[in-house]
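Novice: Encoded as structure tokens, here's the structure I'll be asking about.
The values are calculated or read from the model by the stated rules, or taken from the named source; none is laboratory data. Model, not experiment: these values are computed from the prediction. Because the Cβ atoms are built from the backbone with ideal geometry, glycine has one as well, and the counts that use them run over all protein chains shown. The accessibility values were calculated without ligands, DNA or RNA, using every heavy atom of the protein model including side chains. Shrake-Rupley method; radii C 1.70, N 1.55, O 1.52, S 1.80 Å.
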Amino acid sequence: MSDHYSPVVEHLAEPETAREEGRRKMDWALQHMPILTELRESFVADQPLAGEVIAMAMHVEAKTANLVELLADGGAEVAITGCNPLSTHDDVSAALDAHENITSYAVRGVDDEDYYDAMHAVVAHDPTITVDDGMDMVKLVHDEYPELIDSIVGGAEETTTGVHRLRAMDADGELRYPVFAVNDTPMKRLFDNVHGTGESSLATIAMTTNLSFAGKNVVVGGYGYCGKGVAKKAAGQNANVIVTEVEPRRALEAHMEGYDVLPMEEAAATGDVFITTTGNRDVITKEHFEVMQDGVLLANAGHFDVEVNLADLDELAVDRFEARDGVEAYEMPDGRELNVIAEGRLVNLAAPIALGHPVEVMDQSFGIQAVCVRELVENGDDYAAGVHDVPDELDREVAEIKLAAEGVEYDSLSETQREYMDSWEHGT
């Protein structure tokens, strides 16, 4: 454990070149982020985060970087590291570190020890707010820095897996400061999880393999919001979609959407491409590998690399080799080859060519993050320890900014309509 882990520039051979390239990526993304652009104006003018120290564990790439700069430009001191060893872009990390209010410890491809050393280095800044993707930062603070909890006003959690973990922690009575479940609010879940995960997972698999989805059997593990997005977009690329589920209503929903719904044991024998989206472990295991066809593609679009059981696969394999950049082939005793993309990690961020979710989608999610941080600073005392839904007016604020930027106009209720909807008196 170390709080002396160096910022990113000390890990790079040519930090100045990296900074320029990172800034170029950030500038491109920002052109397509009208929500963050508008919020930046008010944050710079009002300095709502003055005096705050924000500790972040996020996917450090261009879109995230624009959120980080927004928070810093709003007056906060920000320390950031990665939330996945393979999703950091070193050049973007270097560009962030050049900002006078930001220290970035995110370095791509670190081992577990350095991953956590960097997180300790972030926490050494004595944060007043945490912003997480996966909950590793919240857990570290509670486990090893409980003395900081009294001075932390709250946090925000970006992703499904992190919110699951936080709710479990809260149910056990262990979560000791308020955290907004950013993942669960409509402006995040309906767009980021459906369109973001769907589009970016399939695009990354296609670019990594140079293969088509048309006519293939695509097996989607899980039919939550992410699974719905993957299934919908795969069907749109003319794949035959098979859904596996453990929850009866979601299984029925997938069936009513026209997808085949099968147990994984049966789907394993017919699938060409497998994409897991459950947030749970052991979705694809030994019994499934044993019946898979030669040449299948195995990818994970859930947060952690536990959905495809690689220990089982490695045990079965007589050989494994890099078949293509970002694709590892596992050869079975009978000669079949099963191909794992991006080491079973989050495919749309961990593959070598991965760029994460589309920019416009992340503009919405990060807009929510920004207004949640602002809410904590302004009204943190109103929130008790535990997981909190994002206040609806904040979600609505971000939607309104986006619609205005798109030039989309929409109706509003008249006073008569509003009175009608708010009253229980009106009958037949």
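Novice: So, of the residues in region 198-212 that are among the β-branched types (Val, Ile, Thr) and open to solvent by less than 10 Å² (accessible area, probe 1.4 Å), which turns out to be farthest from the chain's Cα centre (by Cα)?
Specialist: Taking the candidates together, the pick is Thr208.
Novice: From the residues in region 244-255 that are part of a loop (DSSP other than H, G, I, E, B) and among the charged types (D, E, K, R), which one is farthest from Leu338 (Cα to Cα)?
Specialist: Of everything passing the filter in region 244-255, Glu247 is farthest from Leu338 (Cα to Cα).
Novice: Let me ask you something else. Out of Leu49, Leu39, I need the residue that is outside any helix (DSSP H, G or I), modelled with pLDDT of 95 or more and open to solvent by less than 10 Å² (accessible area, probe 1.4 Å). Which one?
Specialist: Result of the check over Leu49, Leu39: Leu49.
Novice: Something else: Can you tell me which residues in region 317-331 are surrounded by 13 or more Cβ atoms within 10 Å (Cβ to Cβ) and touching a strand residue (DSSP E or B) at 6+ places or on another chain (Cβ under 7 Å)?
Specialist: Once the filter is applied, which keeps residues that are surrounded by 13 or more Cβ atoms within 10 Å (Cβ to Cβ) and touching a strand residue (DSSP E or B) at 6+ places or on another chain (Cβ under 7 Å), region 317-331 yields Ala317, Arg320, Ala323, Gly326, Val327, Glu328, Ala329, Tyr330, Glu331.
Novice: Also, I was wondering about something else. Taking the criterion of being out of contact with any strand residue (DSSP E or B) (no Cβ under 7 Å at 6 or more places or on another chain) and of a type in the set (Ser, Thr, Tyr), would at least one residue in region 130-149 satisfy it?
Specialist: Yes, that holds for at least one residue.
Novice: Another question about this same structure. Output the number of the condition that Arg24 fails; it satisfies all remaining conditions of (1) over 18 Å from the mean Cα position of the chain (by Cα); (2) crowded, with 19+ Cβ neighbours inside 10 Å; (3) not hydrophobic (A, V, I, L, M, F, W, C).
Specialist: For Arg24, the exception is condition (2).
Novice: Mind listing just one residue for me: the one in region 137-154 that is touching a Leu at 6+ places or on another chain (Cβ under 8 Å) and not in a helix (DSSP H, G or I) and, of those, surrounded by the most Cβ atoms within 10 Å (Cβ to Cβ)?
Specialist: Here is the first cut: in region 137-154, the residues touching a Leu at 6+ places or on another chain (Cβ under 8 Å) are 138, 141-142, 153-154.
After this cut, where a residue has to be not in a helix (DSSP H, G or I) as well, the list is 153-154.
On the way: Val153: 19, Gly154: 22.
Checked region 137-154; the qualifying residue surrounded by the most Cβ atoms within 10 Å (Cβ to Cβ) is Gly154.
Novice: With over 18 Å from the mean Cα position of the chain (by Cα), touching a residue at least 12 places away in the same chain (Cβ under 8 Å), closer than 27 Å to Val53 by Cα and open to solvent by 10 Å² or more (accessible area, probe 1.4 Å) as the only criterion, which of Arg374, Arg336 stands out? Outline the logic, then answer.
Specialist: Values: Arg336 fails: closer than 27 Å to Val53 by Cα.
Within the list Arg374, Arg336, the selection yields Arg374.
Novice: How many residues are assigned to a loop (DSSP other than H, G, I, E, B) and closer than 24 Å to Gly344 by Cα if we restrict to region 106-134?
Specialist: Matching residues across region 106-134 total 8.
Novice: Which members of region 87-126 meet the condition of being open to solvent by less than 40 Å² (accessible area, probe 1.4 Å) and in contact with a Leu (Cβ under 7 Å, 6 or more places away or on another chain)?
Specialist: Ser87, Ala94, Ile102, Ser104, Met119, Val123
Novice: Identify all residues within region 229-243 that are assigned to a helix (DSSP H, G or I), in contact with a helix residue (DSSP H, G or I) (Cβ under 8 Å, 6 or more places away or on another chain) and open to solvent by 30 Å² or more (accessible area, probe 1.4 Å); write none if there are none.
Specialist: The answer is Lys232, Lys233.
Novice: Which residues, counting only those in region 1-21, are surrounded by 12 or more Cβ atoms within 10 Å (Cβ to Cβ), part of a helix (DSSP H, G or I) and of a type outside the set (Lys, Arg)?
Specialist: Listed by number, the residues that qualify are Val8, Val9, His11, Pro15, Thr17, Ala18, Glu20, Glu21.
Novice: Taking region 203-228 on its own, how many of its residues are without any contact (Cβ under 8 Å) to a residue 40 or more places away in the chain, part of a helix (DSSP H, G or I) and farther than 18 Å from Ala251 by Cα?
Specialist: Adding up the residues that qualify gives 1.
Novice: Sticking with this structure for a sec: Within region 390-409, can one find any residue that is farther than 30 Å from Met135 by Cβ, part of a loop (DSSP other than H, G, I, E, B), open to solvent by less than 90 Å² (accessible area, probe 1.4 Å) and modelled with pLDDT of 95 or more?
Specialist: yes
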